[in-house]
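Reading through the structure tokens given below for one structure.
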Amino acid sequence: MTKPAKWGLWGSGLVLLILIPYLLQSTPASFCIRIAGIAGLYMLLALGLNVVIGFVGLLDLGFMAFYAIGSYTAAILSIQKVPFVWCVLASMLASCLIRILIGFPALRLRGDYLAVVTLGFGEVVRLVATNWDALTNGPKGLPRVGQSIRPASLFGFELTSNLHYYYLILACVLAAVWVCERLNHSRVGRAWVAIREDEVAAELMGVEVTRQKVVAFGLSAAFAGLAGAIFAHWEGFVTPESFTFWESVLLVCAVVLGGMGSIPGVILGTLCIVLVPEILRSVLGSYFANARYLLFGLSLILMAIYRPQGLWPSKRRTHELKPTEAGEDHARETLYDAERK
Amino acid sequence: MILQQLINGLTLGSLYALIALGYTMVYGVLLMINFAHSEIFMCGAFVSLLCYVRFSAFMPPAQAFLAGIMLSFAVCALLAFLIERIAYRPLRRASRLAPLISAIGVSILLQNAVFLWISDQSLAYPHAFEIKHFEWLGARFNSLQLLILGIAFVLMITLHFFVNKTRLGTAIRATAQDATTASLMGIPVNSIIAITFFIGGALGGVAGALNGMYYGSIKYNMGFMPGTKAFTAAVLGGIGNIPGAMWGGIILGVLEAMVAGFIPNGSDWKDVIAFLVLLIILLFKPDGLFGKHVPDKV
């Protein structure tokens, strides 16, 4: 495809994304705008998670913790009448800092241990939010009676309807895609891939492994903080129930389903996890909407076995060495499989 | 008061230890965290309850309960075996992330299968026999706690002898030490891995049944907390180390009971404590209390 044609395609896609919700807003289909907004928030989260899982190859099972930290930071500040922009910045900073604090010791651990540490931390955050009444108002959530989270306002313009939030989220997702794309093709992105493929070799080639991991860790949390701050202002309400382990798992599903490390893949994966239940619900009734987790579980197993590169694999992954081509793995294969053949 | 919490903690801890054995044995032979193990535990509780309800129609409740436990032992062993066969074995040679993702998939699948097809509410778990209360040195304990402790200890001692004294046990230890060399010595590594899953699943199933009896109710999501805590116990004792998992479980159970008993509002925070123990152990002593340091393979 020539360059102008590509730009034309992207431009018209963007125009459709802006126009369609605008036209829908006073029709009965306006609930779609809200769903699209929620899908956008999940996209922000999944793009952040993809930095860690896809680019650096670290499994994180507690990513919702940083969404929670972002939401609660924004809610607490907004109740104190701090302007929206500062809330967002503070949320991103808080998520980022806490993530880095956890990351420094945790990132020295091997992959599956890291998965458990992140799972544990995710639960600690949820339990603290549930039990620390003085700060978070416990299971009842923020704001307390008599207080309120004011709707977000940008440059004096107050965001009140779902459509406004949709546009805000759309802008954030586009910015996030751009940031991820640039990072992926930068020196940092190449260092991450080197770590993912072979940590020891990367270290020997002069990549500061722990530092690069911490950078990826902190950065991913900034995405979650941003999404959390928007969520808190949009809903006007934050409870610990929004941040369970299963939500974190759902995000992992989105990334794995779409293709680890692939930005279009992650967007596609997120659309799958948000839209499939909605479609199931409207076509087959609410019984099948409950079956969505069953489908996601099944799809995780099938993807891991039959299509580990995901629905829309990243270009870089398709160029990689296959593990069986390496000598040592080849030896292991023959020993393990000797019995089966 | 201390004695009281000690008894509660021992009961809880012996359940954790039974589950932790499943994690630790599988980790020993495959170097993989079997995330689906907590769901096997949950299935054990459901199998035993369903059997108990069926069987108590034509046999005395206590016998029906024992039959339920035995069936959950068998069914969960088979379940773990099937999971290994279907979801993990094809991924032996894949990257480390792949079996972990598959395991999470299995976990979601099992939990939601129970949610959809058995019950989305918590089910009451009736007491199969009359519970007698005893008092000794100011501490109150009951026959149910004694039964749980008894079954758990018999199983653990049997496992200990099985692993250390039989040929099959030696093969399991050899596979855990070095699968490649073990296969060169004529040990059928794949069958040994399957047997490990089989044993781990059986113990997890019994733990589920006992847990259901102890708390009096079961639910489709009951596996997550005890599962994570048992994993903590396995890490605490040094993952891959069988006596370590038993001690880790008991230490964690006692610690949790002490926190719940002696810290104000402790029962709200006891889950946080378990996770904090996990985080601290992983961060500062990832080899656990009884494990020996294994350097990463390059």
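The values are calculated or read from the model by the stated rules, or taken from the named source; none is laboratory data. All values derive from a computational prediction rather than experimental measurement. A quick note on method: Cβ atoms are made from the backbone with ideal geometry, for glycine too, and the neighbour counts reach across all protein chains shown.
In region B:249-267, the condition of being surrounded by fewer than 18 Cβ atoms within 10 Å (Cβ to Cβ), farther than 25 Å from residue B:71 by Cβ, of a type in the set (Asp, Glu) and at pLDDT below 90 is met by no residue.
Which is surrounded by fewer than 20 Cβ atoms within 10 Å (Cβ to Cβ) and either within 14 Å of chain B (Cβ to nearest Cβ) or under 18 Å from the mean Cα position of the chain (by Cα) (or both), of A:97, A:58?
On the way: A:58 fails: surrounded by fewer than 20 Cβ atoms within 10 Å (Cβ to Cβ).
Testing whether each residue is surrounded by fewer than 20 Cβ atoms within 10 Å (Cβ to Cβ) and either within 14 Å of chain B (Cβ to nearest Cβ) or under 18 Å from the mean Cα position of the chain (by Cα) (or both) leaves just A:97.
Scanning region A:109-136 for residues that are touching an Asp or Glu at 6+ places or on another chain (Cβ under 6 Å) and more than 7 Å from chain B (Cβ to nearest Cβ) gives a single hit, A:118. Please verify whether residue A:114 is touching a strand residue (DSSP E or B) at 6+ places or on another chain (Cβ under 8 Å) and either surrounded by 14 or more Cβ atoms within 10 Å (Cβ to Cβ) or more than 25 Å from residue A:241 (Cα to Cα) (or both), treating the condition exactly as stated. Against the criterion (touching a strand residue (DSSP E or B) at 6+ places or on another chain (Cβ under 8 Å) and either surrounded by 14 or more Cβ atoms within 10 Å (Cβ to Cβ) or more than 25 Å from residue A:241 (Cα to Cα) (or both)), residue A:114 does not qualify.
Taking the residues in region A:12-63 that are in contact with a Lys or Arg (Cβ under 8 Å, 6 or more places away or on another chain) and in a helix (DSSP H, G or I) as candidates, determine which candidate is farthest from residue A:209 (Cα to Cα). Give the steps one after another, and end with the answer.
Here is the first cut: in region A:12-63, the ones in contact with a Lys or Arg (Cβ under 8 Å, 6 or more places away or on another chain) are A:55-58.
Imposing the further condition that a residue be in a helix (DSSP H, G or I) reduces the set to A:55-56.
Values: A:55: 13, A:56: 10 Å.
This residue is A:55.
In summary, residue A:184 fulfils each of the numbered conditions (1) under 30 Å from residue A:261 (Cβ atoms); (2) away from chain B (no Cβ under 11 Å); (3) polar (S, T, N, Q); (4) in contact with a Leu (Cβ under 9 Å, 6 or more places away or on another chain) with the single exception of condition (4).
Listed conditions (1) at pLDDT below 75; (2) assigned to a helix (DSSP H, G or I) are all met by residue A:301, apart from (1). Considering region A:223-267 alone, what residues qualify as being closer than 17 Å to residue A:38 by Cα and of a type in the set (Gly, Ala, Ser)? Matches in region A:223-267: A:224, A:225, A:227, A:228, A:229, A:232, A:236, A:242, A:248, A:254. Checking each residue in region A:276-299 for being farther than 15 Å from residue A:247 by Cα and within 18 Å of the chain's Cα centre (by Cα) picks out only A:276. Quick test for you: out of B:253, B:216, pick the one residue that is more than 12 Å from residue B:23 (Cα to Cα) and out of contact with any Leu (no Cβ under 9 Å at 6 or more places or on another chain). Residue meeting the stated conditions: B:216.
Screening the candidates A:239, A:244, A:210 for the property of being under 30 Å from residue A:105 (Cα atoms), touching a strand residue (DSSP E or B) at 6+ places or on another chain (Cβ under 9 Å) and not charged (D, E, K, R) yields one hit, A:239. One residue stands out in region B:134-152 among those that are more than 21 Å from residue B:218 (Cβ to Cβ) and surrounded by 14 or more Cβ atoms within 10 Å (Cβ to Cβ): the one that is modelled with the highest pLDDT, namely B:146.
Filter region B:205-235 for residues that are among the polar types (S, T, N, Q) and in a helix (DSSP H, G or I); which is modelled with the highest pLDDT? First the steps, then the outcome.
In the first step, residues of region B:205-235 are kept if they are among the polar types (S, T, N, Q); the result is B:211, B:217, B:221, B:228, B:232.
Add one more test, that the residue is in a helix (DSSP H, G or I), and what stays is B:211, B:228, B:232.
Values: B:211: 92, B:228: 86, B:232: 85.
Top of the filtered list is B:211.
In region B:113-133, which residue that is within 13 Å of chain A (Cβ to nearest Cβ) and free of Cβ contacts under 8 Å to residues at least 60 places away in the same chain is surrounded by the fewest Cβ atoms within 10 Å (Cβ to Cβ)? Across region B:113-133, the extreme among qualifying residues is B:117. Go through region B:1-28 residue by residue and tally those that are surrounded by fewer than 24 Cβ atoms within 10 Å (Cβ to Cβ), among the aliphatic types (A, V, I, L, M) and farther than 15 Å from residue B:211 by Cβ. Looking only at that region, the number is 5. Contact annotation: residue pairs with Cβ atoms under 6 Å, 6 or more positions apart or on different chains, pairing a residue in region A:237-252 that is touching a residue at least 12 places away in the same chain (Cβ under 8 Å) with a partner that is charged (D, E, K, R), are A:240/A:126; A:243/A:126. Scanning region B:87-104 turns up no residue that is among the hydrophobic types (A, V, I, L, M, F, W, C) and either in contact with a strand residue (DSSP E or B) (Cβ under 6 Å, 6 or more places away or on another chain) or away from every other protein chain (no Cβ under 13 Å) (or both).
Pick from region A:14-51 the residues that are among the small types (Gly, Ala, Ser) and surrounded by 10 or more Cβ atoms within 10 Å (Cβ to Cβ): which of them is farthest from residue A:172 (Cα to Cα)? First the steps, then the outcome.
Looking only at region A:14-51, we keep the residues that are among the small types (Gly, Ala, Ser), and these are A:26, A:29-30, A:36-37, A:39-40, A:46, A:48.
Of the ones still in play, those that are also surrounded by 10 or more Cβ atoms within 10 Å (Cβ to Cβ) are A:29-30, A:36-37, A:39-40, A:46, A:48.
Working: A:29: 24, A:30: 21, A:36: 13, A:37: 11, A:39: 12, A:40: 9, A:46: 13, A:48: 12 Å.
This residue is A:29.
Of the residues making up region B:184-204, just one is touching a Ser or Thr at 6+ places or on another chain (Cβ under 9 Å) and not in a helix (DSSP H, G or I), namely B:187. Consider region B:186-213. How many of its residues are closer than 19 Å to residue B:153 by Cβ and touching a helix residue (DSSP H, G or I) at 6+ places or on another chain (Cβ under 6 Å)? Counting residues in region B:186-213 that are closer than 19 Å to residue B:153 by Cβ and touching a helix residue (DSSP H, G or I) at 6+ places or on another chain (Cβ under 6 Å) gives 11.
Say we look at region A:229-265 and pick out the residues that are within 14 Å of chain B (Cβ to nearest Cβ) and outside any helix (DSSP H, G or I); which of these is modelled with the lowest pLDDT?
A:244
Is there a residue being aromatic (Phe, Trp, Tyr), more than 16 Å from residue B:98 (Cα to Cα), surrounded by fewer than 19 Cβ atoms within 10 Å (Cβ to Cβ) and within 16 Å of the chain's Cα centre (by Cα) anywhere in region A:241-249?
The first filter runs over region A:241-249 and keeps only residues aromatic (Phe, Trp, Tyr), leaving A:243, A:245-246.
Subset that is more than 16 Å from residue B:98 (Cα to Cα): A:243, A:245-246.
From what is left, the residues that are surrounded by fewer than 19 Cβ atoms within 10 Å (Cβ to Cβ) are A:245-246.
Narrowing further to those that are within 16 Å of the chain's Cα centre (by Cα): A:245-246.
Scanning region A:241-249, I find at least one residue that is aromatic (Phe, Trp, Tyr), more than 16 Å from residue B:98 (Cα to Cα), surrounded by fewer than 19 Cβ atoms within 10 Å (Cβ to Cβ) and within 16 Å of the chain's Cα centre (by Cα), so the answer is yes.
Consider region A:277-287 and keep the residues that are part of a helix (DSSP H, G or I) and surrounded by fewer than 17 Cβ atoms within 10 Å (Cβ to Cβ). The one that is nearest to the other protein chains (Cβ to nearest Cβ) is A:287. With respect to residue B:268, is the statement that it is more than 16 Å from the chain's Cα centre (by Cα) and either under 29 Å from residue B:112 (Cβ atoms) or facing another protein chain (nearest Cβ under 10 Å) (or both) true? Considered against the rule, which asks whether it is more than 16 Å from the chain's Cα centre (by Cα) and either under 29 Å from residue B:112 (Cβ atoms) or facing another protein chain (nearest Cβ under 10 Å) (or both), residue B:268 comes out as yes. Restricting region B:170-196 to residues that are farther than 16 Å from residue B:26 by Cβ and hydroxyl-bearing (Ser, Thr, Tyr), the residue that is surrounded by the fewest Cβ atoms within 10 Å (Cβ to Cβ) is B:181.
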